[in-house]
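Visitor: The following block contains the structure, expressed as structure tokens.
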Amino acid sequence: MNDDTQALLRVQGLDFAYPGRSLLRGWSARIAPGATLVQGDEGSGKTTLLRLLAGQLPADAGHLVLGGQALAAAPAAYRAQVFWQDPRCSALDAWTVRAWLQAQAPSHAGWDAQALAQHLQGFALQEHLDKTFHMLSTGSRRKVLMAAALASGALLTLIDEPVAGLDRPSVQYLQQALALPAHAQRALVVAHYEALPGVPWAQILALPPAPAG
């Protein structure tokens, strides 16, 4: 576990439960620059944890401090440092890829248009730019969101189940993209059931198995 002098995100005593089902109890972490893997089986709460870290889902208890901004005291300042987009969100369906990407730039102070162009090419997305999200395959949808995430420059960048629906060349490009030196000053938190090979993971945070029943 990284100490506070290195940590970009400090999580202390995080509790969260759905009705009749406790997922996290007293969960704490120090997340430093680089790529962090949140590892867990299906139903262990990986996506829920990302939503909590994004400040999108209120925790039952706990404290989150990102870049010196506490979520509880300054929620807007905290969330301004985060990139998170749930790939299952139907609110994107009517957007064209091009229009949605253009709408992201003003929301992220570190947005890098050159990096976006690189990731769009790396994920072979040029032919999809004028399609709406509901026209995209599962893999293409995730690739668009990951291209935006990587280009966002956000201090905390959250990526959920990155390889779902991806072809092998796209998986290989993702592994290369996660290892780029340009991300060395950011916290890239990736939720997946196993560590992608070739990625220099700064740390791996293993979630406990999903509760029985």
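The values are calculated or read from the model by the stated rules, or taken from the named source; none is laboratory data. These numbers were taken from a predicted model, which means no experiment stands behind them. Here the Cβ is made from the backbone with ideal geometry for all residues, glycine too, and neighbour counts use every protein chain on show. What goes into the accessible areas is simple: the full protein's heavy atoms, side chains included, and nothing from ligands, DNA or RNA. Shrake-Rupley method; radii C 1.70, N 1.55, O 1.52, S 1.80 Å.
Visitor: On a 0 to 90 degree scale, rounded to 10, what angle separates helix 113-122 from the longest Cα axis of the chain?
Guide: 80 degrees
Visitor: Using a 7 Å offset from the Cα along the Cα-to-Cβ direction at both Gln114 and Glu127, what is the distance between the two label points in nm, to one decimal?
Guide: 2.9 nm
Visitor: List the extent of the Cα atoms of region 1-94 along each of their three principal axes, largest first, rounded to whole Å.
Guide: Principal extents (largest minus smallest coordinate, Cα): 39, 33, 27 Å.
Visitor: Grab the Cα-Cα distance for Ala17 and Leu180, subtract it from 0.36 nm times how many residues apart they are, and report the gain in nm with one decimal.
Guide: 55.1 nm
Visitor: For region 108-213, which semi-axes, largest first and in whole Å, follow from the square roots of 5 times the eigenvalues of its Cα gyration tensor?
Guide: Working: eigenvalues 105, 68, 34 Å².
Ellipsoid half-lengths, sorted descending, are 23, 18, 13 Å.
Visitor: Also: By how many degrees, between 0 and 90 and to the nearest 10, does the Cα long axis of helix 168-178 differ from the longest principal axis of the chain?
Guide: 60 degrees
Visitor: Of Leu49, Ala148, Ala109, which is farthest along the charge dipole of the chain in the positive direction, counting Lys and Arg as +1 and Asp and Glu as -1 at C-beta?
Guide: The one lying farthest along the dipole's positive direction is Ala109.
Visitor: Additional query: From the helices alone, meaning DSSP H stretches of at least four residues, give me the mean residue ellipticity at 222 nm for the chain, per-run term -39500 (n - 2.57), in deg cm²/dmol to the nearest 500.
Guide: Value at 222 nm, helices only, nearest 500: -7500 deg cm²/dmol.
Visitor: So, one more: Leaving out ligands and nucleic acids, note down the accessible area per residue over the chain with a 1.4 angstrom probe, in whole Å².
Guide: 47 Å²
Visitor: Further, regarding this structure: Calculate one ³J(HN,Hα) per residue across region 162-167 by plugging θ = phi - 60° into the Karplus curve 6.51 cos²θ - 1.76 cosθ + 1.60, and present them in order as whole Hz with x for glycine and proline.
Guide: So the J values, rounded to whole Hz, are x, 9, 4, x, 7, 7.
Visitor: At a 1.4 Å probe radius, carbon and sulfur cover how many percent of the accessible area of region 32-88?
Guide: 51 percent
Visitor: Taking amide hydrogens as modeled 1.01 Å from N in the peptide plane, which residues meet the under 5 Å criterion relative to Gly62, leaving out close sequence neighbours?
Guide: Asp15
Visitor: Checking a compactness column here: for the chain, what do you get for Rg(Cα) / (2.2 N^0.38 Å), N being the number of residues? Let's see the in-between values first.
Guide: Numbers: Rg = 16.6 Å, N = 213, 2.2 N^0.38 = 16.9 Å.
Normalised Rg, Cα atoms only: 0.99.
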